[in-house]
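Contents: one structure, followed by commentary.
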Amino acid sequence: MAIKVNKFKCGYCGACVGVCPTGALELVETWIEVDENCTSCGICARICPMGAIEVSR
Amino acid sequence: MKDQYDVVVIGAGPGGSIAAKTAAKKGLSVLMIEKRQEIGDPVRCAEGVSKVWLRKHIEPDHRWICADVKGSRIFSPDGTMIEMAEEISGGEVGYVLERKLFDRALAYESAKAGADVVVKTRATGLITENGFVRGVKLMHLGEEKEVRSKLVIGADGIESKVGRWAGIDTSLKPADIETCAQFLMSGTGIDQDYCYFYLGNEMAPSGYIWVFPKGEGLANVGIGILGSKSGKKHAIDYLKEFVEQKFPDADILEIDVGAVPVSGSIERTIANGLMLVGDAARQSDPITGGGIINAMEAGRIAGEVAFEAISRNDMSTAMLETYEKRWRQTLGMEIDNSLIVKDVFIGFTDKEINSLAHSLENVNFSSMSLIDLLYALFRANKKLLWDLRVLFKNVVKHETGL
Ligand code: SF4
Ligand code: SF4
């Protein structure tokens, strides 16, 4: 997994899920799960309203 | 929850609930699932709706109306104010809702109409056979389950995964969303009769800050910025800055975050056995970000088309095309117009926004609509707003010298 979601910051809004080009994210009730389709493109981290996502390459 | 329904609706927001209610009222068996354990909670920003439009779907109830708004006040970056009375503020002004209770009231309406409503239940995939969607794979309280249906209505909001499972590319680019954060605040001291909008690229890059009254001294203070302008600083950071400066003594009682599609209509909102409604279909208004009424309109159309399709036993895209056509001819047209306006406005510098505001300083707006406001702006700023001329084709024909 190449991205890290800070669950203490996340407001579980689903914005990151809507922009992920590969469909790698899933909002499960109150947390985000990432699957192997993540390409570390960083789009989710950029748009997250809370700044809760970090991408490491 | 049974194993088989005529229609499964995924997502219990306003669009899903109206779709479920409409279909159930026509006598179809309907299941509506919601993955959150509480319908309407957490709220995903902005809670304003137009009175006239709301009435078409549900009788207003004081239990979920926090404030009744007379007008809006728009501030340009240099503080110039444009005031508009309620009839002319466009889609977003009228009532400020308590979404938690509103969404639940709508879900209750669909339950009363006969739909089965289940919460804490997440769709994990679609059942597909011979190119047709035939039901939904679910996770209900930790247990996997399959529910078969003749049609599926995807009302899963900004995430819009249902559409993707059916092969519709609903993914949004950063420039196609407004990323939003909102505080419910006490002690802002605002006049509760108005909604306030603050424009300025420093404050809210390609977006705006809103302050909506929520009754009894409370207010929603929120921000939306264009996704492509987010990154180093995020929506929450801009909002904190504004609040620290504007309402240093106010308290934050709630934080809401979310995103609104401002992409304009996507290419397809149907597949064999499937329709998408609301934010999932990217049907929100690109200027106001308003999605509640549009979702309800689309939900109603989808519910009606579901009934027609099932009556004829034809779930193909050829049949569901009726849904596509009907929403595009109505709300689709407005979304397209708003997109033109959005594309013009997001490019403006603060200086340009100021000069637009100044051009309206002596105009009286008590009897104008949003389109009239735009037209007044256009007439005073033809060069700057030349791209908007398509909106006024019919009006402009009667003008000389254009
Ligand atoms: S966009 Fe940010 S706040 Fe929203 S669900 Fe994703 S990680 Fe959480
Ligand atoms: S980094 Fe890119 S691919 Fe990975 S989850 Fe985020 S948006 Fe999706």
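The values are calculated or read from the model by the stated rules, or taken from the named source; none is laboratory data. Bear in mind that the values here come from a model prediction, so they are computed numbers and not experimental data. Backbone-built Cβ (ideal geometry, glycine too); neighbour counts: all protein chains shown. Ligands, DNA and RNA are excluded from the accessible area calculation, which covers all protein heavy atoms including side chains. Shrake-Rupley method; radii C 1.70, N 1.55, O 1.52, S 1.80 Å.
Things worth noting here:
- Entirely in the stretch B:277-372, the helices (runs of 4 or more DSSP H) that have 2 or more residues that are polar (S, T, N, Q) and over 18 Å from the mean Cα position of the chain (by Cα): B:317-327, B:350-359
- Condition check for A:Thr39 on (1) under 26 Å from B:Val43 (Cβ atoms); (2) more than 7 Å from chain B (Cβ to nearest Cβ): one failure, at (1).
- Subset of the stretch A:1-23 (residues that are in contact with a Cys (Cβ under 7 Å, 6 or more places away or on another chain), more than 8 Å from ligand 1 (Cβ to nearest atom) and not in a loop (DSSP other than H, G, I, E, B)): A:Ile3, A:Val19
- Residue identified as more than 26 Å from B:Lys137 (Cβ to Cβ) and within 14 Å of chain A (Cβ to nearest Cβ) among B:Arg44, B:Arg99: B:Arg99
Residue-by-condition table, conditions (1) within 11 Å of ligand 2 (Cβ to nearest atom); (2) touching a residue at least 40 places away in the same chain (Cβ under 8 Å); (3) closer than 26 Å to B:Thr121 by Cα; (4) under 10 Å from the mean Cα position of the chain (by Cα):
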{"position": "A:Val5", "(1), (2), (3), (4)": "yes, yes, yes, yes"}
{"position": "A:Ala15", "(1), (2), (3), (4)": "yes, no, yes, yes"}
{"position": "A:Val19", "(1), (2), (3), (4)": "yes, no, yes, yes"}
{"position": "A:Leu27", "(1), (2), (3), (4)": "no, no, yes, yes"}
{"position": "A:Thr30", "(1), (2), (3), (4)": "no, no, yes, no"}
{"position": "A:Asn37", "(1), (2), (3), (4)": "yes, no, yes, no"}
{"position": "A:Arg46", "(1), (2), (3), (4)": "yes, no, no, yes"}
{"position": "A:Pro49", "(1), (2), (3), (4)": "no, no, yes, no"}
{"position": "A:Glu54", "(1), (2), (3), (4)": "yes, yes, no, yes"}
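- Hits in the stretch A:35-57 - residues which are within 7 Å of ligand 1 (Cβ to nearest atom) and in a loop (DSSP other than H, G, I, E, B): A:Cys48, A:Pro49, A:Met50, A:Ala52
- Among the conditions (1) crowded, with 24+ Cβ neighbours inside 10 Å; (2) outside the structural domain of B:Ala155 (by TED's automatic domain parsing), the only one that B:Ile33 does not satisfy is (2).
- If you check B:Gly187, B:Gly215, B:Gly207 for being outside the structural domain of B:Ile287 (by TED's automatic domain parsing), under 21 Å from A:Val19 (Cβ atoms) and not basic (Lys, Arg), only one passes: B:Gly207.
- Against the numbered list (1) under 18 Å from the mean Cα position of the chain (by Cα); (2) farther than 22 Å from B:Lys21 by Cβ; (3) open to solvent by less than 20 Å² (accessible area, probe 1.4 Å), B:Ser263 comes up short only at (3).
- Subset tally (residues that are modelled with pLDDT of 95 or more and assigned to a loop (DSSP other than H, G, I, E, B)) for the stretch A:24-34: 1
- The criterion of being on the phi > 0 side of the Ramachandran plot, in contact with a helix residue (DSSP H, G or I) (Cβ under 6 Å, 6 or more places away or on another chain) and not aliphatic (A, V, I, L, M) holds for B:Gly94.
- Residue check: B:Gly142 meets all listed conditions (1) within 30 Å of B:Lys351 (Cα to Cα); (2) at pLDDT below 95; (3) within 14 Å of chain A (Cβ to nearest Cβ) but one, namely (1).
- Residue check, B:Leu151 of a type in the set (A, V, I, L, M), in the same structural domain as B:Gly303 (by TED's automatic domain parsing) and exposed (fewer than 14 other Cβ atoms within 10 Å of the Cβ): no
- Here B:Ile252 qualifies as more than 10 Å from chain A (Cβ to nearest Cβ) and part of a strand (DSSP E or B).
Yes or no, residue by residue, for (1) under 30 Å from B:Lys150 (Cα atoms); (2) modelled with pLDDT under 95; (3) facing chain A (nearest Cβ under 9 Å):
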residue: B:Asp237; (1), (2), (3): no, no, yes
residue: B:Gly258; (1), (2), (3): no, yes, yes
residue: B:Val262; (1), (2), (3): no, yes, no
residue: B:Ser265; (1), (2), (3): yes, yes, no
residue: B:Gly278; (1), (2), (3): yes, no, no
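- Taking first residues from the stretch B:139-156 that are under 25 Å from B:Ala309 (Cβ atoms) and partners that are of a type in the set (Ser, Thr, Tyr), the Cβ contacts under 6 Å between residues at least 6 apart in sequence or on separate chains come to B:Ser149/B:Tyr5.
- With respect to the conditions (1) aromatic (Phe, Trp, Tyr); (2) within 28 Å of B:Lys351 (Cα to Cα); (3) within 14 Å of chain A (Cβ to nearest Cβ), B:Phe247 lacks only one, and its number is (3).
- Scoring B:Ser149 on the criteria (1) modelled with pLDDT of 95 or more; (2) more than 22 Å from the chain's Cα centre (by Cα); (3) within 12 Å of chain A (Cβ to nearest Cβ) leaves a single failure, condition (3).
- Within the stretch B:208-230, the only residue that satisfies the criterion of being open to solvent by 10 Å² or more (accessible area, probe 1.4 Å) and either under 15 Å from B:Asn354 (Cα atoms) or among the β-branched types (Val, Ile, Thr) (or both) is B:Tyr208.
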